[in-house]
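Asks: Have a look at the structure that comes next, please.
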Amino acid sequence: MHYRSVGDVPAKRHLRTPAPGGGLLFEELMGEEGFSGDSSLLYHLRSPSALVAAGEAGGGPDGAEVSDGTGDTRMALVPNEPLLPRHLHTSKLAPGGDPSGGRHLLLGNEDVRLSWVAADRSGPLWRNALGDELAYVQAGEGALESVFGRLAVRPGDYVVVPRSTCHRWVVPDGGRLELLVVEARGHIRPPHRYLSPTGQFLEQAPYCERDVRGPDEPLVVDDGPVDVLVRHRHGVTRHTLASSPFDVIGWAGCVYPWAFSIHDFEPLVGAIHQPPHVHQTFEGPGFVVCSFVPRPYDFHEGAIKVPYHHANVDSDEVIFYSAGDFMSRAGSGIGAGSISVHPAGFVHGPQPGSLEAAADRDRTEEVAVMVDTFRPLLLGPAALDVADDAYPWSWSRRA
């Protein structure tokens, strides 16, 4: 992301800097790719390394077994066999819990995990050491608090949390925050083709720096000792720190949490149907994320206005239907809150009658998030619990 400077930042890096009230500030360099990639420098009032205890995180917030949102549950994933398209009803997943520990694991592979949570309370301090996280806010308002500051979120926001960032999700009392969460085994970024060699968004990019929000002031908490849950390759460890890591009075750099609203995405349209990659919004190792937003239909007089039958032979396709009228899926049971999974090896397209129904339409009002993966997706236990058994046969009108 582009360079930002927030709070009190010294004029020169890596030099002794007096702290307010005496002593020195503790400088932390948070860098990617062995410090040869993007980085940020954070200035702490206290040592961020002051660990006083550590142990396994053996339970969730209510003493329940740590599951999909916190522990590593790859072993719980099963192949999509027999190979079928799937329709998952997120509305049937049990609500509750916090945004980090209450997640229902739906899909995953070696590169990425997709989860759903309808949180009703704030979460613990959390650090994902495996990769970046991307959360899409389906409903509710709240905030992401981190060592970089506070970032308010609202429906339609994508929220990117860089790898190993200490953070917590805040849900207002009596509120609810519904999130689709994409956990990467690496970094999630804007597509390279949207950026200049120096990282500026190009004119042809469907969003730009003006659409991006980041924390704009420090968040300083005088508290301790505090627990931080760290998700790593073998599970979750509970670190107890002498004081809160939220003691950063200033930071500067290109690594920080940021938000971008799907409603600010600028769709590309044409005389005939455009390929899905024109909707790409993010890229990650082994997957891409695309945004479908309200837009004019294709305007050639003979255009097929809904997606024609297609088979991306290298990808599994996942679409989360956020809002609007999903005409190409009419009659299949899909609506807002649904997730469709169309695996490689299955040719999918509009539901029966959709081509004819679209003939006189000039606009689509859908809002949806697509995740295409380049390795086959496995199914989590939550996906099996909420799958619509009739969906695979909906194209043959057997539903």
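Asks: In the list ARG154, ARG150, ARG163, ARG189, which residue meets the criterion of being open to solvent by 50 Å² or more (accessible area, probe 1.4 Å), under 19 Å from PRO95 (Cα atoms) and modelled with pLDDT of 95 or more?
Replies: Working: ARG150 fails: under 19 Å from PRO95 (Cα atoms); ARG163 fails: under 19 Å from PRO95 (Cα atoms); ARG189 fails: under 19 Å from PRO95 (Cα atoms).
The conditions single out ARG154.
Asks: For region 276-329, name all the residues that are closer than 26 Å to SER91 by Cβ and among the hydroxyl-bearing types (Ser, Thr, Tyr).
Replies: Matches in region 276-329: THR281, SER291, TYR321, SER322, SER328.
Asks: For region 285-297, what are the residues that are out of contact with any Asp or Glu (no Cβ under 7 Å at 6 or more places or on another chain) and open to solvent by 20 Å² or more (accessible area, probe 1.4 Å)?
Replies: ARG295
Asks: Answer yes or no as to whether ASP120 is within 15 Å of the chain's Cα centre (by Cα), of a type in the set (D, E, K, R) and open to solvent by 10 Å² or more (accessible area, probe 1.4 Å). Before you say what the answer is, go through the steps one by one.
Replies: Numbers: within 15 Å of the chain's Cα centre (by Cα): no; of a type in the set (D, E, K, R): yes; open to solvent by 10 Å² or more (accessible area, probe 1.4 Å): yes.
Considered against the rule, which asks whether it is within 15 Å of the chain's Cα centre (by Cα), of a type in the set (D, E, K, R) and open to solvent by 10 Å² or more (accessible area, probe 1.4 Å), ASP120 comes out as no.
Asks: Another question, then. Quick one: ILE262 ticks every box in (1) at pLDDT 95 or above; (2) over 28 Å from ASP362 (Cβ atoms); (3) in contact with a strand residue (DSSP E or B) (Cβ under 7 Å, 6 or more places away or on another chain) bar one, so which box is it?
Replies: Unmet condition: (2).
Asks: Anything in region 176-223 that is free of Cβ contacts under 8 Å to residues at least 24 places away in the same chain and over 20 Å from CYS254 (Cα atoms)? List them, or say none.
Replies: Keep residues of region 176-223 that are free of Cβ contacts under 8 Å to residues at least 24 places away in the same chain, which gives 193-198, 201-205, 208, 210, 223.
Hits for region 176-223 are GLU203, GLN204, ASP223.
Asks: Just to verify a result, which residue in region 311-333, among those that are part of a loop (DSSP other than H, G, I, E, B) and touching a strand residue (DSSP E or B) at 6+ places or on another chain (Cβ under 6 Å), is most open to solvent (accessible area, probe 1.4 Å)? Outline the logic, then answer.
Replies: Going residue by residue through region 311-333, those that are part of a loop (DSSP other than H, G, I, E, B) are 311-315, 324-326, 330-333.
Now narrow it down to the ones that are touching a strand residue (DSSP E or B) at 6+ places or on another chain (Cβ under 6 Å): 315, 324.
Details: SER315: 5, GLY324: 52 Å².
Only one residue fits best here, namely GLY324.
Asks: Consider TYR308 against the criteria (1) farther than 30 Å from LEU130 by Cα; (2) open to solvent by less than 50 Å² (accessible area, probe 1.4 Å); (3) in contact with a His (Cβ under 8 Å, 6 or more places away or on another chain); (4) aromatic (Phe, Trp, Tyr): it satisfies all of them except one. Which criterion is unmet?
Replies: It fails just one condition, (2).
Asks: Test LEU45 against the criterion of being modelled with pLDDT of 95 or more and either of a type in the set (Gly, Ala, Ser) or open to solvent by less than 30 Å² (accessible area, probe 1.4 Å) (or both), and give yes or no.
Replies: Details: modelled with pLDDT of 95 or more: yes; either of a type in the set (Gly, Ala, Ser) or open to solvent by less than 30 Å² (accessible area, probe 1.4 Å) (or both): no.
When the stated conditions are applied, LEU45 does not pass them.
Asks: Which of the residues spanning region 342-386 are of a type in the set (A, V, I, L, M), touching a residue at least 40 places away in the same chain (Cβ under 8 Å), under 23 Å from LEU83 (Cα atoms) and surrounded by fewer than 16 Cβ atoms within 10 Å (Cβ to Cβ)?
Replies: Initially, region 342-386 is screened for residues of a type in the set (A, V, I, L, M), giving 344, 347, 355, 357-359, 367-371, 377-379, 382-384, 386.
With touching a residue at least 40 places away in the same chain (Cβ under 8 Å) added as a condition, the list becomes 355, 358-359, 367-371, 377-379, 382-384, 386.
Retained after the next criterion (residues that are under 23 Å from LEU83 (Cα atoms)): 369-371, 377-379, 382-384, 386.
The one that is of a type in the set (A, V, I, L, M), touching a residue at least 40 places away in the same chain (Cβ under 8 Å), under 23 Å from LEU83 (Cα atoms) and surrounded by fewer than 16 Cβ atoms within 10 Å (Cβ to Cβ): LEU384.
The values are calculated or read from the model by the stated rules, or taken from the named source; none is laboratory data. Quick caveat: nothing in here was measured; it's all calculated off a predicted structure. For neighbour counting, all protein chains shown are included, and Cβ atoms are generated from backbone atoms with ideal geometry for every residue, glycine included. Accessible surface is based on the protein model in full, side chains and every heavy atom, while ligands, DNA and RNA are left aside. Shrake-Rupley method; radii C 1.70, N 1.55, O 1.52, S 1.80 Å.
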